Each structure stands twice: as structure tokens, then as C-alpha cells.
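Computed from the coordinates by the stated procedures, all read-outs in this text should not be read as laboratory data. Here the structure is a predicted model, which means the values were calculated and not measured. Neighbour counts are summed over all protein chains in view; Cβ atoms, including those assigned to glycine, are modelled from backbone coordinates with ideal geometry.
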Amino acid sequence: MPDDAPPPVRDYCYLLDSAKYNRNRGCQLHDNAYGIAGGGGERDRWRYDFVLYNRMKANGDPMAIPTLLGCLVFGWFFFNYHPGRWLWRGQLLRRFVKAGH
């Protein structure tokens, strides 16, 4: 039975309540910068992380600093693209593999 309810909005904030402090839009822009724009280099990703931080800070979000730290660590680990066997190899991940050999 059809109804007039709007379609559900995608939740871009995986670990935070996206309904607070306009987080969902900031997380969406951040995800798009990482994903749709191809991720870019390390400096580009740091810039995207700080854009998200500044947006959260401007909205008075108390989770701005923890989110920035989480994005920097997660991005450093997973989204530093390097040639090799895998789609991506972060700097820390490379160290673990090297230590294992």
C-alpha cells in the first residue's frame, strides 16, 4: 500500500547520532570527498578531515575533536594508497606486514 512518507535518509555517521548537530550532512560531504572524489593524496584526505572537524566545531558538536582524531587514524591506516598487491595499503598496515616477515 503506497503512502506519502518520504524515503529514508541514508545515515553517513556510523558511530555517531547523525540527527544531532547536523552531523549527517557533514559526514556525507566527508564520505563523498573520500569516495566519489577518489580519495586524493594524503594531504587531500587530511584537508577533508579538517573540513569535517571545522564544520562540526561550527555547529557546536562536542564530538568534533574525537571525530577528527578517529578520521585521521582511520584514514592513515586504510586510505593511504600505494602500489602493490592490495587495493590499498596504509602506512601502519605496511609496517605490520613488514614486521611479520
_Efficiency of FRET between Asp3 and Ile65 - r from beta-carbon atoms, R0 30 angstrom, step 0.05_ = 0.15
_the range 64-71 - phi-based ³J(HN,Hα) in whole Hz, Karplus 6.51/-1.76/1.60, Gly and Pro as x_ = 4, 5, x, 5, 4, 4, x, 5
*At 0.36 nm per residue, minus the direct Cα-Cα distance, what do Ala19 and Asn54 gain on full extension? Give it in nm, one decimal, please.*
10.8 nm
*What ranking do 61-72, 4-15 get when scored by the average of other Cβ atoms within 10 Å per residue, highest first?*
61-72, 4-15
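All other residues with a Cβ under 11 Å from the Cβ of Thr67 taken together, and with Lys, Arg as +1 and Asp, Glu as -1, what is their net charge?
+1
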